[in-house]
Amino acid sequence: MGPLLDVAALRAAYGQAEVLFGVSLSLRRGEVAALMGRNGAGKSTTLKAIMGMLVPTGGRVTFEDRAVTGWEPFRIARLGLGYVPEERRIFTDLTVAENLEVGRKGPAIGQGPTDGREAWTPERLFSIFPNLAEMRGRRASAMSGGEQQMLTIARTLMGNPHAVLLDEPSEGLAPVIVEQMAEAVLRMKREGIAVLLSEQNLGFAAAVCDRAFVIEKGTIRFEGTMAELEANDAVREAYLTV
């Protein structure tokens, strides 16, 4: 069986400015992989191009054995790919409970909603994010940035995705919230959900990820296990240190 998500020679641009130059990476079923690099390296652009938020100018994206290059985001989401943007994009006028209901989706195209896994419900999500359980009736506008990030992840899981693209999950969050984020990612892995996360924090990535891809100036510079990345001083110095 091939990878759940396969990205081959992906290219993307903003107007005339090309940003991705042949990015290739893959995500296996049930694994957590990190796309690492400095600010501006192309991490978020890669996730947006995979999800259809930015139409690729070249290359191929395959998800669930379907070529989805250039598909509209809602069609890719219906196949079972979730996306958690760095900007969160929650509905601030709705409560926590209402935001979760907005995220509820029917079965993915051509298959059951969870591939035999237990469907996500608010109560199951509250077991991962107890903070949300305590504020289920609170409007999202009254939540902290970290709480909003939790809500965004929980809302995405309500769609019962087979894989999740997670953009900068630990950026700017308090250490206690980062710990809860790490536990959420590990819980997704235990549930069989594959995760591709973009990240700058090597400690966070090392705690949750199996493999890593390092990107710099829109090109993949390293691919290997997290242990191999941690042991490679030259790669970390060249592409990850500030």
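The values are calculated or read from the model by the stated rules, or taken from the named source; none is laboratory data. Everything numeric in this text was worked out from a predicted model, so none of it was measured. Positions of Cβ are backbone-derived with ideal geometry, glycine not excepted, and every protein chain shown enters the neighbour counts.
Within region 50-66, can one find any residue that is closer than 23 Å to residue 226 by Cβ and surrounded by fewer than 22 Cβ atoms within 10 Å (Cβ to Cβ)? Scanning region 50-66 turns up no residue that is closer than 23 Å to residue 226 by Cβ and surrounded by fewer than 22 Cβ atoms within 10 Å (Cβ to Cβ). Surrounded by fewer than 21 Cβ atoms within 10 Å (Cβ to Cβ) and not hydroxyl-bearing (Ser, Thr, Tyr), is that true of residue 216? Spelling it out, residue 216 is indeed surrounded by fewer than 21 Cβ atoms within 10 Å (Cβ to Cβ) and not hydroxyl-bearing (Ser, Thr, Tyr).
Residues of region 12-29 being within 19 Å of the chain's Cα centre (by Cα) and more than 24 Å from residue 192 (Cβ to Cβ), which ones? Residues satisfying the conditions are 12, 20, 23, 24. Among the residues of region 67-106 satisfying the criterion of being among the hydrophobic types (A, V, I, L, M, F, W, C) and assigned to a helix (DSSP H, G or I), which is surrounded by the fewest Cβ atoms within 10 Å (Cβ to Cβ)? Of everything passing the filter in region 67-106, 74 is surrounded by the fewest Cβ atoms within 10 Å (Cβ to Cβ). Across region 56-74, the number of residues qualifying as modelled with pLDDT of 95 or more and touching a Pro at 6+ places or on another chain (Cβ under 7 Å) comes to 1. Looking at 77, 108, 119, 97, just one residue is in contact with a His (Cβ under 9 Å, 6 or more places away or on another chain), modelled with pLDDT under 95 and among the aliphatic types (A, V, I, L, M), and that residue is 108.
Regarding region 183-191, can at least one residue be identified that is under 14 Å from residue 47 (Cβ atoms), in contact (Cβ under 8 Å) with a residue 60 or more places away in the chain and not basic (Lys, Arg)? No; the residues of region 183-191 include none that is under 14 Å from residue 47 (Cβ atoms), in contact (Cβ under 8 Å) with a residue 60 or more places away in the chain and not basic (Lys, Arg).
For region 147-196, a residue qualifies if it is in a strand (DSSP E or B) and of a type outside the set (Gly, Ala, Ser), and the qualifying residues are 164, 165, 166, 167, 195, 196.
Among the candidates 74, 91, the residue that is among the hydrophobic types (A, V, I, L, M, F, W, C) and in contact with a helix residue (DSSP H, G or I) (Cβ under 6 Å, 6 or more places away or on another chain) is uniquely 91.
Taking the criterion of being farther than 27 Å from residue 206 by Cα, of a type in the set (S, T, N, Q) and assigned to a strand (DSSP E or B), no residue of region 1-32 qualifies. Residues of region 122-177 that are at pLDDT 90 or above and hydroxyl-bearing (Ser, Thr, Tyr): 141, 152, 156.
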